[in-house]
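As structure tokens, the structure follows; a few thoughts come after it.
The values are calculated or read from the model by the stated rules, or taken from the named source; none is laboratory data. Note that this is a predicted model, so its numbers are computed, not measured. Glycine gets a Cβ as well: all are built from the backbone with ideal geometry, and neighbour counts include every protein chain shown. To get the accessible areas, we keep the full protein, side chains included, count just its heavy atoms, and leave off ligands, DNA and RNA. Shrake-Rupley method; radii C 1.70, N 1.55, O 1.52, S 1.80 Å.
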Amino acid sequence: MSNTIAGLPADIDQIKGFLSAAEGQALYDSARQASALGPVLEIGSYCGKSTLYLGLACRELGGTVFALDHHRGSEEHQEGEFFHDPDLFDSAEGQMDTFREFRRNIRNAGLDDTVVPVVSDSLTASRHWQSPLGMLFIDGGHSLDAALTDYRCWSGHICRGGILAIHDVYHDPHKDGQAPWGIYQMAMASGLYEKVQQVDSLAVLRRL
Ligand code: MG
């Protein structure tokens with residue numbers, strides 16, 4: 001797929017993350033529209049690959065991305081799990097630490113003035129949140145509890161006309177994505193959203 005995103009690093013494929021180029025393009029396009037309505041909030045930034053796409057879109061319009069992640073890795077990133085990356089393990093702390101890599105990628109892309117890292121779990125960060133959101137992108141933990149927390153704590157902040165995007169939405173029950181699929185179904189059943197598009201595993205909805 002040819003890319004027309006200004007400022008996208010030539011080595012975007014080398015940045016650690018789980019996002020296809022088509023999904024990145026869809027995030028970029030969504031954020032370009034939505035950032036006129038309010039800031040973008042991303043849950044689950046990991047090393048910042050998706051944050052780059054969102055940030056480049058917002059920078060063009062003077063917008064902001066709040067990038068929320070505790071940076072200790074989701075369930076599937078822990079030692080012994082399938083998606084564990086030993087490069088991101090802080091052996092002195094005995095924990096995952098994706099924040100260093102995240103900051104490096106954001107700085108290298110020139111997005112320090114656009115992306116505001118929020119280093120916290122989702123529930124804690126949500127307690128005093130009041131700003132309406134132009135776009136919410138949910139790509140956090142894939143346990144049902146984590147996905148439900150993300151949806152319940154944050155989706156109410158999306159303004160009318162704003163975007164709800166959910167990653168790892170698979171209709172196939174044998175694929176990893178039952179919790180994201182679950183909150184996608186909840187959103188659609190609420191009657192508050194219309195479906196805009198599905199790109200690979202990225203579902204994009206608009207708040208009515
Ligand atoms: Mg994901």
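Taking the accessible area of segment 18-176, probe 1.4 Å, and keeping the other protein chains in place, the carbon and sulfur fraction comes to 48%. Counting only DSSP beta bridges with both residues in the chain, the antiparallel share comes to about 40 percent. The H on the amide N of VAL196, modeled in the peptide plane, is under 5 Å from the matching H of VAL204, LEU205, ARG206, each at least 5 residues off or on a different chain. Residues in segment 75-160 average 58 Å² of solvent-accessible surface per residue, probe 1.4 Å, ligands and nucleic acids excluded. For the residues LEU136, LEU123, a 1.4 Å probe over the protein chains yields an accessible-area ranking, largest first, of LEU123, LEU136.
Please work out the FRET efficiency for the pair ASP87 and PHE18, using the Cβ-Cβ distance as r and a Förster radius of 22 Å; give the result to the nearest 0.05.
Details: r = 15 Å, r/R0 = 0.69.
So the FRET efficiency works out to roughly 0.90.
For segment 71-129, the relative contact order comes to 27 percent (Cα pairs under 8 Å, sequence separation of at least 6). Taking amide H positions as modeled 1.01 Å from N, with prolines and chain starts lacking one, the residues under 5 Å from PHE66 and 5 or more places away or on another chain are VAL40, LEU41, GLU42, VAL116.
How many percent of the alpha carbon pairs in the chain exceed a separation of 29 Å?
Values: 3680 of 21528 pairs.
Percentage above 29 Å: 17.
Per residue, the average separation of C-alpha pairs within less than 8 Å and at least 6 apart gives the chain a relative contact order of 20 percent.
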